[in-house]
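What follows is a set of notes on a single structure, which appears directly below.
Coordinate-derived values only; no laboratory data. Please read these numbers as outputs of a predicted model, since none were measured by experiment. Heads up, the Cβs are rebuilt from the backbone with ideal geometry, glycines too, and the neighbour counts pull from every protein chain shown.
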Amino acid sequence: MTTPKAEPVPESERKAIASEPQRRWLDAELAPLPALEDAEGTHLPTQLPPVVDAHVHLFPPRVFAAIWRWFENHAWPIRYKLQSQQVIDFLFQRGVSRFVALHYAHKPGMARALNQYVAELCRAEPRIIGLATVMPGEPGAAEILKEAFASGLKGVKLHCHVQCFSPDEERLEPIYRACEDAGLAVIIHAGREPSSQHYHCDTHQLCSAERIERVVRSHPRLKLCVPHLGADEFDTYQRLIERYDNLWLDTTMAIADYFPAPVPIDLIRARPERILYGTDFPNLPYAWDRELRRLTELRLPADAEAKILGQNALSLFE
């Protein structure tokens, strides 16, 4: 890996940020968005390279139930109301070779129990790559992560929308340093979308590609992944992954042709070695393999497809 270039995105390119679409994907007149009754496959196509889903959620039952209530009221219907073991069985029975298990703490004091929950699932099923979480700014955040990493968890998942923070805030520094020291990655939902007025903060104020650029520039040893291809600042994130070698993006829900935004095909093609296939399973309003089918329809070169579908995730998290 080369050192990220020191120069920020030029001012002429930054102006593109202001001109990119400002429509909130989960505006009150739009949300909840509809379910799609699309057909689903029973198994992954056998000709595909090994598939690693880099964005799967596992939570205890009560937390899953609360998340599903919020989604069904303010975002979209949940097609797969599966508990954690059911999620594990569903994906592996359909041919997914590995997946990255993500969770996030909604308030201080939750992280330790959630991390222990996921660590136990990973010990029982080694094909799961589990990440930790922590609430930015909570007391003992660094110690919480130290314990989580010692239990075998392979990085940290954070969510700017749910946890109401900006990625370049000072309270993130202990988290970034802990991950740098451990050589582990951070997945941080730092894109502005999908944005809802029912979050307790304005995601367009908290999140921007410019803020992520500050983080990757000031932490060149940090491995950072932004889900949803950085929605909705696709053009700007394309420039960033072309410039910084410590930044990755995942495809989660961004190429499923579900949201009121164009599919950022150029972004995927720009640097496929920095793109991870992810789904958000089980919290989906459409078929579990919809995004994979859309990805394979792009007819990417075989080496690029293999990297996106699995190799990149294994390289980043293992």
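Tabulated values for the structure
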{"quantity": "Listed residue (F64, S151, G109) projecting farthest to the positive dipole end of the chain, Cβ model", "calculated": "S151"}
{"quantity": "Distance between the stretch 182-248 and the stretch 49-93 - C-alpha centres, whole angstrom", "calculated": "23 Å"}
{"quantity": "Check: the chain dipole with +1 on Lys, Arg Cβ and -1 on Asp, Glu Cβ, in debye", "calculated": "520 debye"}
{"quantity": "Under the Karplus curve 6.51 cos²θ - 1.76 cosθ + 1.60, θ = phi - 60°, whole-Hz ³J(HN,Hα) for the stretch 243-258, x wherever Gly or Pro sits", "calculated": "9, 10, 8, 10, 10, 10, 10, 10, 7, 2, 6, 7, 10, 7, 6, 10"}
{"quantity": "Equivalent ellipsoid, the stretch 48-317 (semi-axes from 5 times Cα gyration tensor eigenvalues, Å)", "calculated": "24, 22, 19"}
{"quantity": "Cut-off 13 Å between beta-carbons: net charge of the residues surrounding W68, Lys and Arg +1, Asp and Glu -1", "calculated": "+2"}
{"quantity": "Theoretical ellipticity at 222 nm over the chain - DSSP helices of four or more residues, -39500 (n - 2.57) apiece, nearest 500", "calculated": "-10500 deg cm²/dmol"}
{"quantity": "The chain, relative contact order in percent, only Cα pairs under 8 angstrom and at least six apart counted", "calculated": "23 percent"}
{"quantity": "Built amide H within the under 5 Å cut-off of L102, gap 5+", "calculated": "V56, H57, L58"}
{"quantity": "The chain: most fluctuating residue of N246, N115, N73 per GNM, C-alpha cutoff 10 Å", "calculated": "N73"}
{"quantity": "5 Å-binned pair-distance histogram of the stretch 119-240 (Cα, whole percent)", "calculated": "2, 12, 21, 22, 19, 14, 8, 2, 0"}
{"quantity": "Lysine pairs with alpha-carbon atoms under 15 Å apart, the chain, spacing 8 or more or separate chains", "calculated": "6"}
{"quantity": "Cα-based shape type of the stretch 171-281, given that a ≥ b ≥ c are square roots of the gyration tensor eigenvalues and the cut on a/c is 1.5", "calculated": "oblate"}
{"quantity": "Magnitude of the charge dipole, the stretch 48-96, Cβ model with Lys/Arg +1 and Asp/Glu -1, debye to 20", "calculated": "140 debye"}
{"quantity": "A185 long-range amide H proximity, modeled H, under 5 Å", "calculated": "V156"}
